[in-house]
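What follows is a single structure, written as structure tokens, with notes after it.
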2 protein chains.
Amino acid sequence: MNNIVKNIIHQIFPISDQSFLEIDKLLEIESYSKGETFISKNKRDEKEYFVISGICKSYLINPDGDEVTISLFAENSILSPQSIRTSNNISNLNFKALTKVELVSMNAKEFENLMIESIEIRQFGSTVLQNELIAKVEKEIGLASLTAKERLIEFRKTHHLLENLIPHTDIASYLGITNISLSRLRKELSR
Amino acid sequence: MNNIVKNIIHQIFPISDQSFLEIDKLLEIESYSKGETFISKNKRDEKEYFVISGICKSYLINPDGDEVTISLFAENSILSPQSIRTSNNISNLNFKALTKVELVSMNAKEFENLMIESIEIRQFGSTVLQNELIAKVEKEIGLASLTAKERLIEFRKTHHLLENLIPHTDIASYLGITNISLSRLRKELSR
DNA sequence: CCTTTTCATTAACAAATGATAAAACAATCA
DNA sequence: TGATTGTTTTATCATTTGTTAATGAAAAGG
């Protein structure tokens, strides 16, 4: 059904055509417009997502009622809320489309059944999990610097395309600063 | 051989006695004194660790030559450098004992062989990976606040025992502030 | 026991960042 | 087009944080 998903999967793990056909049966297309929240609390344990086009974020609401950006997801990436499903402590993490977004979703329980039946698909699933973990470690290393300026420089290295595509408020939140401070740093770095 | 390891494993996944006996054959005891670095670059792809007693940190060296604390590992936890093994970008992450530390190590390749043979051990391995990921997500949520004071308060909730056991320099680095700033916040919060 | 080292605190000042408000700019829509 | 809304920049001031240096306390080692 969807060659883009096949490519995304192949970039992660060289799955066989037969295995992909099994996965393919679970795929459905979803699309959301800018600003739309697409994983609510009661739905989040149901699906894995492949980001076909557009950009999404995960976020939470802080005590002041503001959205704090936790992660950013560009196109051709897997948005896999596995960690959220299995954790009781992470209760209020939500997902939102920052641009018009096309997703391919996959029922999580059916995918788990596939993983039980097929060693190859389980290896794919484990590799997704590992990649998620690597992304987190790389992120925490990138944000480990004390100064916001260095964090912005690091962000530009890993997300160089995103800065002109999504609201700076989300980037600032991701970097742990205000959008006003981000604006100052942008000006300073452009000189 | 080691009932403590059995307990640690059981807290994560209810493995059978038979499976544990297979794992048990791979276990070896290691101990390090305070300040000792125990995973160097060339060794890190060899072992998984169970922290029996003491506290460790993962860290990297920033351009100024200072150690930046990335993660903290208390006793009764698994120190599983799976993500490091599989990532090319995370090259300079090291591990150090912050107190006298007793570890039980397990050869990673032999454990992978066990995972191929046994579904149950495979499930245990996947769960370890999931737990690592959950810990990272919980950490990034805990550190998502803009102010250092709130991050310290959050840190105290999740690591309440650690503050009096390890150098404040490492806690400050973990929180993204200087130890002097941490001292100021401690004083302010104690009033 | 003394010395040395490491760590935590404090003070004074400089630098960076947040808060608030205003203005410029861009995007959307009737 | 004009109005509206949202985003980014800029300016001002208050607050927080980093830097440097000094001090004291605790731990480590001879």
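The values are calculated or read from the model by the stated rules, or taken from the named source; none is laboratory data. Values in this document were obtained by computation on a predicted structure and should not be read as measured data. Glycine also receives a Cβ, built like all others from the backbone with ideal geometry; neighbour counts cover every protein chain displayed.
Would you confirm, using the coordinates I've provided, whether A:Val128 is β-branched (Val, Ile, Thr), touching a Gly at 6+ places or on another chain (Cβ under 8 Å), farther than 29 Å from B:Thr147 by Cα and surrounded by 15 or more Cβ atoms within 10 Å (Cβ to Cβ)?
no
How about region B:94-115: which of its residues are touching a residue at least 40 places away in the same chain (Cβ under 8 Å) and in contact with a helix residue (DSSP H, G or I) (Cβ under 8 Å, 6 or more places away or on another chain)?
Listed by number, the residues that qualify are B:Leu98, B:Val104, B:Met106, B:Ala108, B:Phe111, B:Leu114.
Go through region B:176-191 and give me each residue that's within 8 Å of DNA strand D (Cβ to nearest atom) and of a type in the set (A, V, I, L, M, F, W, C).
B:Ile177, B:Ile180, B:Leu182, B:Leu185
Quick test of your reading of the structure: A:Ser31 fulfils all but one of (1) under 17 Å from the mean Cα position of the chain (by Cα); (2) under 21 Å from A:Leu143 (Cβ atoms); (3) among the polar types (S, T, N, Q). Name the failing condition by number.
Going through (1) under 17 Å from the mean Cα position of the chain (by Cα); (2) under 21 Å from A:Leu143 (Cβ atoms); (3) among the polar types (S, T, N, Q) one by one, A:Ser31 breaks only (2).
Show the residue pairs meeting these rules: Cβ distance below 9 Å; 6+ apart or different chains; first residue within region A:173-188 and at positive phi; second residue surrounded by 15 or more Cβ atoms within 10 Å (Cβ to Cβ) and part of a helix (DSSP H, G or I).
Cβ pairs passing all conditions: A:Gly176/A:Ala148; A:Gly176/A:Arg151.
With the requirement that a residue be touching a residue at least 60 places away in the same chain (Cβ under 8 Å) and either buried (at least 16 other Cβ atoms within 10 Å of the Cβ) or among the acidic types (Asp, Glu) (or both), what does region B:136-168 give you?
Listed by number, the residues that qualify are B:Lys139, B:His159, B:Leu162, B:Ile166.
Every residue, every condition in (1) under 30 Å from B:Glu188 (Cα atoms); (2) among the hydrophobic types (A, V, I, L, M, F, W, C), yes or no:
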site: B:Ile84; (1), (2): no, yes
site: B:Asn88; (1), (2): no, no
site: B:Leu93; (1), (2): no, yes
site: B:Thr127; (1), (2): no, no
site: B:Gly142; (1), (2): yes, no
site: B:Leu146; (1), (2): yes, yes
site: B:Thr158; (1), (2): yes, no
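For region A:60-87, what are the residues that are closer than 23 Å to A:Ile177 by Cβ and either outside the structural domain of A:Tyr49 (by TED's automatic domain parsing) or within 13 Å of the chain's Cα centre (by Cα) (or both)?
Hits for region A:60-87 are A:Thr69, A:Ile70, A:Ser71, A:Leu72, A:Phe73, A:Ala74.
Can you find, within region B:88-102, the residue that is nearest to the chain's Cα centre (by Cα) among those that are at pLDDT 75 or above and facing chain A (nearest Cβ under 10 Å)? Full working, then the answer.
Initially, region B:88-102 is screened for residues at pLDDT 75 or above, giving B:92-102.
Checking which are facing chain A (nearest Cβ under 10 Å) leaves us with B:92-93.
Working: B:Asn92: 16, B:Leu93: 12 Å.
Only one residue fits best here, namely B:Leu93.
Tell me, please, whether a residue that is touching a strand residue (DSSP E or B) at 6+ places or on another chain (Cβ under 7 Å), at the interface with another protein chain (Cβ under 8 Å from one of its Cβ atoms), more than 13 Å from DNA strand D (Cβ to nearest atom) and at pLDDT below 90 can be found in region A:131-138.
No, the conditions are met nowhere in region A:131-138.
If you scan region A:146-176, which residues turn out to be within 14 Å of DNA strand C (Cβ to nearest atom), part of a helix (DSSP H, G or I), more than 14 Å from every other protein chain (Cβ to nearest Cβ) and not hydrophobic (A, V, I, L, M, F, W, C)?
A:Asn164, A:His168
Test of understanding: among A:Lys109, A:Lys25, A:Lys57, which residue is in the same structural domain as A:Ile134 (by TED's automatic domain parsing), more than 16 Å from DNA strand C (Cβ to nearest atom) and surrounded by 18 or more Cβ atoms within 10 Å (Cβ to Cβ)?
Just one listed residue meets the conditions, A:Lys57.
Residue check, B:Ile119 against (1) within 16 Å of DNA strand C (Cβ to nearest atom); (2) loosely packed, with under 15 Cβ neighbours inside 10 Å; (3) facing another protein chain (nearest Cβ under 10 Å); (4) hydrophobic (A, V, I, L, M, F, W, C), all met but one. Which one?
Against the list (1) within 16 Å of DNA strand C (Cβ to nearest atom); (2) loosely packed, with under 15 Cβ neighbours inside 10 Å; (3) facing another protein chain (nearest Cβ under 10 Å); (4) hydrophobic (A, V, I, L, M, F, W, C), B:Ile119 comes up short only on (1).
For the list (1) within 12 Å of chain B (Cβ to nearest Cβ); (2) farther than 23 Å from A:Asn62 by Cβ, I need the number of the one condition that A:Arg186 fails.
(1)
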